[in-house]
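Provided herewith is a single structure, encoded as structure tokens, for subsequent inquiry.
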Amino acid sequence: MQKDNPKKGAGDNIMMEQLSLFDDREKSAPLASRLRPESLDEYVGQKHLIGEGKILRRLIETDQVSSMIFWGPPGVGKTTLARIIARQTRAEFVEFSAVTSGIKEVKEVMNQAEQNRKMGIRTLLFTDEIHRFNKAQQDAFLPFVEKGSIVLVGATTENPSFEINSALLSRCKVFILKALEEEDLTALLRHSLKSPRGFGNLDLLIEETHLHAIARFANGDARTALNTLEMAVLNGRMNEEGVLVIDEELLAQCMNRRSLLYDKNGEEHYNIISALHKSMRNSDADAALYWMHRMLYGGENPLYIARRLIRFASEDVGMADSQALPLAVSVYQACHFLGMPECDVHLTHAVVYLSMAPKSNALYRACEACKEDVRKLPAEPVPLQICNAPTKLLKDLHYGEGYIYAHDTEEKLSRMECLPDALAGRRYYHPTAEGQERKVGERLQAILEWKQGEPEA
């Protein structure tokens, strides 16, 4: 008797059918994905770009979209906006990753886009984190952008001026997307509670103040706000009436560590260190402490901050308080010995000291002025009078001739010229009247006046 022999692949078909019956990916997808807006009217935030009559909205509605760059912090809707543009302009949406794709993949996508163009189909190529593409990858886009094979929409959290090739950047319009306001995020959270795609089918209780707390915690990031709410709902307790309750204690657990906007390698890193430096320069100790602790909280290496404080001690305090530099160096050593979290108080010490110290940039200006002369002027020889003459030959060549040993004079000074002839009389250091530098300035003035007196016999 011949046994039944099922066709090859029948089991696979059954399995696929079963998967389709139990496939609830739409329901099980993260809340942020389920609530992704599908039209401009559903989109939250960026009113300066897509509000009624605004430039990007007009371009979309009139179907005049060209290649563009979306520059903004995480979670503000860059990907979502690109999807909406593709949908409203009836373009094929292709998402491309800089992390997983090389030049080969770029060219494959471009060639397919070119074929689509010949068939009258437009391709919107969305490239998230476009700043991660290297120069060769970015250059591969150029010919296809130029001839209109694709509409390139790049998203980046970094300044495009620094991270994107100038040739590619010149062919794209840059739109700046802003962090979402607290009210925008609160409205989004309310919508998620009512929408069938969100928690509209659940009977749950959450205070309005708690929604505002989540919005503040999210710090302008819609994804963070929705993820936090979702975590709270998934961990909520059911009361006797069958209502899912989200209380303050639960929210506190879900928001135990705030994710501040701070990318140690990105533009915000430089923005915040700039804020620290300029706050200290303005003698605003409170603001300086805030920015310094923002950096520490974001995971910055305390030694990096300490190195910047050492630089500040000479650049912005300088001779007005010469104790600033050894103090900053000591704080660096303390940070090296102790590390975090103990060294935070030492950094606080230095930041407050430098903020409150008298300020002088005379050393910085002297440094820059001197470097400028060194770069631009011919390399002048050392005046013979201050050259060493360790051999008879050099003495015969007049090396050291006319040298005056300052310690042998009554004034401990001489009128001997130490600069090359072409730079004689040049001054780089101009003391200020701030702090201890006032005395330095008075001494320098006295020296200059003495040197302008009668030359030595």
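The values are calculated or read from the model by the stated rules, or taken from the named source; none is laboratory data. Note that the coordinates shown come from a computational prediction; the quantities given were computed from them, not determined experimentally. No Cβ is skipped: glycine too gets one built from the backbone with ideal geometry, and neighbour counts run over all protein chains shown.
Answer yes or no: is there a residue in the stretch 97-119 that is in contact with a Phe, Trp or Tyr (Cβ under 8 Å, 6 or more places away or on another chain), under 15 Å from M68 (Cβ atoms) and hydrophobic (A, V, I, L, M, F, W, C).
Within the stretch 97-119, none of the residues are in contact with a Phe, Trp or Tyr (Cβ under 8 Å, 6 or more places away or on another chain), under 15 Å from M68 (Cβ atoms) and hydrophobic (A, V, I, L, M, F, W, C).
Of all residues in the stretch 86-106, how many are under 22 Å from E163 (Cβ atoms) and not in a loop (DSSP other than H, G, I, E, B)?
Total satisfying the criteria: 7.
State whether the residues of the stretch 60-69 include one that is part of a helix (DSSP H, G or I), outside the structural domain of L189 (by TED's automatic domain parsing) and hydrophobic (A, V, I, L, M, F, W, C). Quick ask: steps written out before the conclusion?
Going residue by residue through the stretch 60-69, those that are part of a helix (DSSP H, G or I) are 60-61.
Still in the list and also outside the structural domain of L189 (by TED's automatic domain parsing): 60-61.
Going one step further and asking which of them are hydrophobic (A, V, I, L, M, F, W, C), we end up with 60.
Within the stretch 60-69, one or more residues are part of a helix (DSSP H, G or I), outside the structural domain of L189 (by TED's automatic domain parsing) and hydrophobic (A, V, I, L, M, F, W, C).
Do we find that A288 is of a type in the set (A, V, I, L, M), within 19 Å of the chain's Cα centre (by Cα), more than 26 Å from K439 (Cα to Cα) and surrounded by fewer than 19 Cβ atoms within 10 Å (Cβ to Cβ) in this structure?
No: the conditions fail for A288.
How do the pairs read when you match residues in the stretch 208-233 that are in contact (Cβ under 8 Å) with a residue 24 or more places away in the chain with residues anywhere that are crowded, with 21+ Cβ neighbours inside 10 Å and among the polar types (S, T, N, Q), using Cβ under 8 Å and keeping only pairs 6 or more apart or on different chains?
I214/T228; F217/T224; F217/T228; A218/T224; A218/T228; L226/S192; L229/S192
Within the stretch 326-343, take every residue that is surrounded by 18 or more Cβ atoms within 10 Å (Cβ to Cβ) and not hydroxyl-bearing (S, T, Y) and give me the one that is nearest to K278 (Cα to Cα).
My answer is A328.
Is there a residue in the stretch 376-384 that is at pLDDT 85 or above, surrounded by 11 or more Cβ atoms within 10 Å (Cβ to Cβ), assigned to a loop (DSSP other than H, G, I, E, B) and not β-branched (V, I, T)?
Among the residues of the stretch 376-384, at least one is at pLDDT 85 or above, surrounded by 11 or more Cβ atoms within 10 Å (Cβ to Cβ), assigned to a loop (DSSP other than H, G, I, E, B) and not β-branched (V, I, T), which makes the answer yes.
So which residues in the stretch 189-212 are part of a helix (DSSP H, G or I) and buried (at least 20 other Cβ atoms within 10 Å of the Cβ)?
Residues satisfying the conditions are L189, S192, L211.
While we're on this one: Any residue at all in the stretch 425-438 that is part of a helix (DSSP H, G or I), surrounded by 11 or more Cβ atoms within 10 Å (Cβ to Cβ) and modelled with pLDDT under 90?
Yes; the residues of the stretch 425-438 include at least one that is part of a helix (DSSP H, G or I), surrounded by 11 or more Cβ atoms within 10 Å (Cβ to Cβ) and modelled with pLDDT under 90.
Let me ask you something else. Quick one: which of E449, E442 is over 43 Å from the mean Cα position of the chain (by Cα), outside any loop (DSSP other than H, G, I, E, B) and at pLDDT below 90?
On inspection, the qualifying residue turns out to be E449.
Kindly indicate the residue of the stretch 142-185 that is aromatic (F, W, Y) and in contact with a strand residue (DSSP E or B) (Cβ under 9 Å, 6 or more places away or on another chain) and also surrounded by the fewest Cβ atoms within 10 Å (Cβ to Cβ) among those meeting that condition. Step through it out loud before you land on a result.
The initial filter retains those residues of the stretch 142-185 that are aromatic (F, W, Y), namely 144, 162, 175.
Subset that is in contact with a strand residue (DSSP E or B) (Cβ under 9 Å, 6 or more places away or on another chain): 144, 175.
Numbers: F144: 22, F175: 20.
So the residue we want is F175.
Give just the number: which of (1) crowded, with 20+ Cβ neighbours inside 10 Å; (2) within 23 Å of E105 (Cα to Cα); (3) without any contact (Cβ under 8 Å) to a residue 60 or more places away in the chain does D139 not satisfy?
(1)
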